[in-house]
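Every number here is computed from the coordinates shown, using simple stated rules; none is lab data. Since the model is a prediction, treat every value here as computed from it, not as a measurement. All Cβ positions, even for glycine, are placed from backbone atoms using ideal geometry, and neighbour counts span all protein chains on display.
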Ligand SMILES: [Zn+2]
């Protein structure tokens, strides 16, 4: 499971968590390694093998990306194409095309750019006047989803960040990019707003699951069969809503596909970021990357 593929020179990288990104050069090495030592198969192939009771052959991997970041098109897609590697990108439909800022991006911008953290953020995410991004975001994720959106807006407003900073780049994919990629990339839903579904009213969570599928199918003209839970969070209610909405499988962040009690609506993934393959000298380590894929160490 990837999120962002970044250019290390981009000064806006510090707005998102380090655990969400891999540099373009490392990504290329990771894909080259996967193609050399494994076979990258599509999520569709994996799910149909599992559904038909076939145990996936060893050394098969599936590549997925969450959220729908623009860099998936600009940096990841050319590499995937060069290696003819299939992948699935899970889109947050409410963020497509617009100059959308997720609540965690707003908080990240404020923490990175402001010399003084607005009181509303300090109060909601205790940790002193210089909260680290990871710690602040983890604290905020325990809030009700609607209140969290309001808080992020309030914090951004109080920060008085310049329009220049706020509109520095388009963060998310647009439909043209998605359609261009759709010849070789599959797209799944990651909800409409990226709100954590277990922290919403059930009818709102259901709307996220159902409406995002409908919108994607209307735009892509093909079925959207896979869902990835925002933040990996689900419970029995949310899981059943996804199944009822007509998806074939849903991906979480923990657990492993292929375990004895296989639930197609709780397939696990391994989080991949720069740190998982960064060796002692700071370069790409094939051995460490292999350990990450096989979960030898308890990486985040
Ligand atoms: Zn996400």
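Brief remarks follow.
- Residue-averaged 222 nm ellipticity for the chain, from DSSP H runs of 4+ at -39500 (n - 2.57), nearest 500: -11000 deg cm²/dmol
- Mean Cβ neighbour count within 10 Å, used as a protection proxy, ranking 72-83, 136-147 highest first: 72-83, 136-147
- Base-10 log of normalised Debye intensity for region 1-75 (one unit scatterer per alpha-carbon) at q = 0.12, 0.19, 0.25, 0.28 Å⁻¹: -0.42, -0.85, -1.15, -1.30
- Relative contact order for region 209-293: 20 percent, from Cα pairs under 8 Å spaced at least 6 residues apart, divided by residue count.
- Region 128-251, Rg to Rh (Cα coordinates; Rh as Kirkwood inverse mean 1/r): 1.02
- Per-residue Cβ neighbour counts within 10 Å put 172, 1 in the sequence 1, 172, beginning with the fewest.
- Among beta bridges identified by DSSP and lying wholly in the chain, the antiparallel ones come to about 10 percent.
- Largest mean-square fluctuation among 277, 193, 167, in a Gaussian network model of the chain whose springs join Cα atoms under 10 Å apart, belongs to 167.
- Once the Kirkwood radius over Cα pairs is known for the chain, the Stokes-Einstein relation at 37 °C and 0.692 mPa s delivers a diffusion coefficient of 165 µm²/s.
- For region 183-300, convex hull volume per residue from C-alpha positions, Å³: 138
- With the highest mean first, a sort of the peptides 284-294, 44-54 on other beta-carbon atoms found within 10 angstrom per residue produces 284-294, 44-54.
- Ranked by how many other beta carbons lie within 10 Å on average, peptides 231-237, 16-22 from highest: 16-22, 231-237
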